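Worksheet: the structure to be examined is printed underneath.
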Amino acid sequence: MNDKSLTTREKHIKPRLRYDSLGISGTQLSGGIITGVEKNPNLFGESWIDEAESMLMTDATVRKSWIMVKQTLLSATWKWESANEDDDECNKLAEYANEAFGFDGYSGMMNRSFHSMLEYLVEAFPIGYRYAEEIYYVAPGQDGRVKVWLEEYADREPSAHMKWLSRNGQDLDGVLQKVVGIHKTPRPIPANKLLLINVGQTGSNWAGVGMLRPAHWYFRTKQRVSNLLVVAAERWSVPTPKIVIDRSVANEQGYTDTDIDAMIDSAEGQAEAFMSAENQYLVEGQAVKFDVYAPAPSFQQGPLQILERCNAEIMSAFLTEFSILGQTSTGSRSVGEIHNSTFRRACITLLNRISDQVGGVDRAGGGTIGRLIRWNFGSVSQSKLPKLRHYGLDTDELAESLQMLPSLVTAGLLTPDDTLEHAIRDRLGATQLNEDAKRTPDERKLPLSPVGGAMQLAEQILRKKNGKKN
């Protein structure tokens, strides 16, 4: 064991012993540029950023698929939860975190909402990565005590990224940006002042692999096929002139080969002038006539099928294939529910990536809450740090089971008590019943009559008024 293997940051956070690292990450890092992961030399570094942004701005299917994912991610609600609700210190730390980020009823201490910053933080997922610089300030909180707060996650666009900083090729020490426009020369941003969001990271490939990468080939194929389709449409709508020569008629009328060649040259000149809009008419004779060369309209069928296939593959990269159910041969509700469930789980995983990076101990590219708590409350055990949770995308098991509730109650496997009724009314957005309106389990178990539930509800109301029991 070698104490030199402990970095300065780790010593500052929590004294501990660390065994030497024997292996390497396997990622090729040369001059701060990650190579070897992307095999296409035109699709890594700044070139990939330009290509990915072009895909998002120019292709409707790419844009629609990403917007579906993005809006789903932004629909979640967030909250810092106490690591242990029975521990006063844990509750105090969670209260500070919620006040700092504006969760759980607090207005927040940042200069903009966390939701608005997510607008650009989630842009990491289609490209592969995105980082933001943490900006801090000191001010009194709600209790009047002066604390260190997070002012914002200042966005740092990937197009301005120059290189990753790492002394050993294994651990991230920071990033260096390039000069853009007339802005000042940027200084290196240390890793413990960064929030790095990425997806598909392996080894030391901090740039990750974005959702757009597997869709790129189909994006380019769509462009090529679309261009050919436009050319074909132009040639069909504005046919190519065709010169038809009848030499038998020319010979009967006594024209020589020289005369025929002259008539052909004249026809070519007329056709060229007509196509360039210099002339609005054509003059033809008995031996030389004009026709058109144009394929049948069925030329569109093949390219359109290719485009549909490319669109389907692009949507597959974002797990949004269910958005076209009903337009294809498959329109089953159960199939759509399976697709939707898979899509929601994927979105939950992406949100977990954000919560993991914001939460936890102070570390390279993450651990915002760990830094803030250490600065305000001193050294705190990692187990007491609050946990960042998101809500709204989890599968609602009760809502999915509502259709089965009557049969479960009839079979005696579920008791329709106040707790269950409270949960159902809460899902429906209905107000809770007061004590006088509550029903007993026996009243809830009243079997349905052939005329439906309305008559039975009226019967129960009459029984209550008369003070009778079932």
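The values are calculated or read from the model by the stated rules, or taken from the named source; none is laboratory data. Not measured: the values here are computed from a predicted model. Cβ coordinates were reconstructed from backbone atoms using ideal geometry, including for glycine residues, and neighbour counts include every protein chain displayed.
Identify the single condition in (1) touching a helix residue (DSSP H, G or I) at 6+ places or on another chain (Cβ under 8 Å); (2) free of Cβ contacts under 8 Å to residues at least 12 places away in the same chain; (3) of a type in the set (Phe, Trp, Tyr) that TRP217 does not satisfy, given that it satisfies every other one.
For TRP217, the failing item is (1).
When you check ALA132 against the structure, is it at pLDDT 95 or above, closer than 28 Å to VAL225 by Cα and either in contact with a strand residue (DSSP E or B) (Cβ under 6 Å, 6 or more places away or on another chain) or crowded, with 17+ Cβ neighbours inside 10 Å (or both), yes or no?
Here the answer is no, as ALA132 does not meet what is asked.
Inspect the range 280-298 for any residue being touching a residue at least 24 places away in the same chain (Cβ under 8 Å), over 30 Å from PRO126 (Cβ atoms), of a type in the set (A, V, I, L, M) and assigned to a helix (DSSP H, G or I) and give the result as yes or no.
Checking the range 280-298: not a single residue is touching a residue at least 24 places away in the same chain (Cβ under 8 Å), over 30 Å from PRO126 (Cβ atoms), of a type in the set (A, V, I, L, M) and assigned to a helix (DSSP H, G or I).
Collect the residues in the range 111-144 that are assigned to a loop (DSSP other than H, G, I, E, B) and under 20 Å from LEU74 (Cβ atoms), keeping them in residue-number order.
Listed by number, the residues that qualify are ASN111, ARG112, SER113, VAL122, GLU123, GLY128.
Tell me whether the range 157-168 contains one or more residues that are charged (D, E, K, R), surrounded by fewer than 18 Cβ atoms within 10 Å (Cβ to Cβ), touching a residue at least 60 places away in the same chain (Cβ under 8 Å) and under 21 Å from SER21 (Cβ atoms).
No, there is no match, as no residue in the range 157-168 is charged (D, E, K, R), surrounded by fewer than 18 Cβ atoms within 10 Å (Cβ to Cβ), touching a residue at least 60 places away in the same chain (Cβ under 8 Å) and under 21 Å from SER21 (Cβ atoms).
So in the range 145-170, with the set limited to residues that are in a strand (DSSP E or B) and basic (Lys, Arg), which one is farthest from LEU196 (Cα to Cα)?
LYS147
Could you tell me which of the residues VAL146, VAL122 is of a type in the set (Val, Ile, Thr), within 29 Å of SER65 (Cβ to Cβ) and in the same structural domain as GLN71 (by TED's automatic domain parsing)?
On inspection, the qualifying residue turns out to be VAL122.
Go through VAL230, VAL249, VAL238 for me and flag whichever is under 30 Å from PRO126 (Cα atoms), surrounded by fewer than 17 Cβ atoms within 10 Å (Cβ to Cβ) and without any contact (Cβ under 8 Å) to a residue 40 or more places away in the chain.
After applying the criteria, what remains is VAL230.
Quick check on my filter: what residues within the range 27-53 are of a type in the set (Gly, Ala, Ser) and surrounded by 12 or more Cβ atoms within 10 Å (Cβ to Cβ)?
GLY32, GLY36, GLY45, SER47, ALA52
Within the range 416-430, take every residue that is in a loop (DSSP other than H, G, I, E, B) and modelled with pLDDT of 75 or more and give me the one that is surrounded by the fewest Cβ atoms within 10 Å (Cβ to Cβ).
ASP417
State all residues of the range 252-280 that are within 60 Å of the chain's Cα centre (by Cα) and either surrounded by 14 or more Cβ atoms within 10 Å (Cβ to Cβ) or closer than 30 Å to GLY302 by Cβ (or both); if no residue qualifies, say none.
Matches in the range 252-280: ALA267, GLN270, ALA271, ALA273, PHE274, MET275, ASN279.
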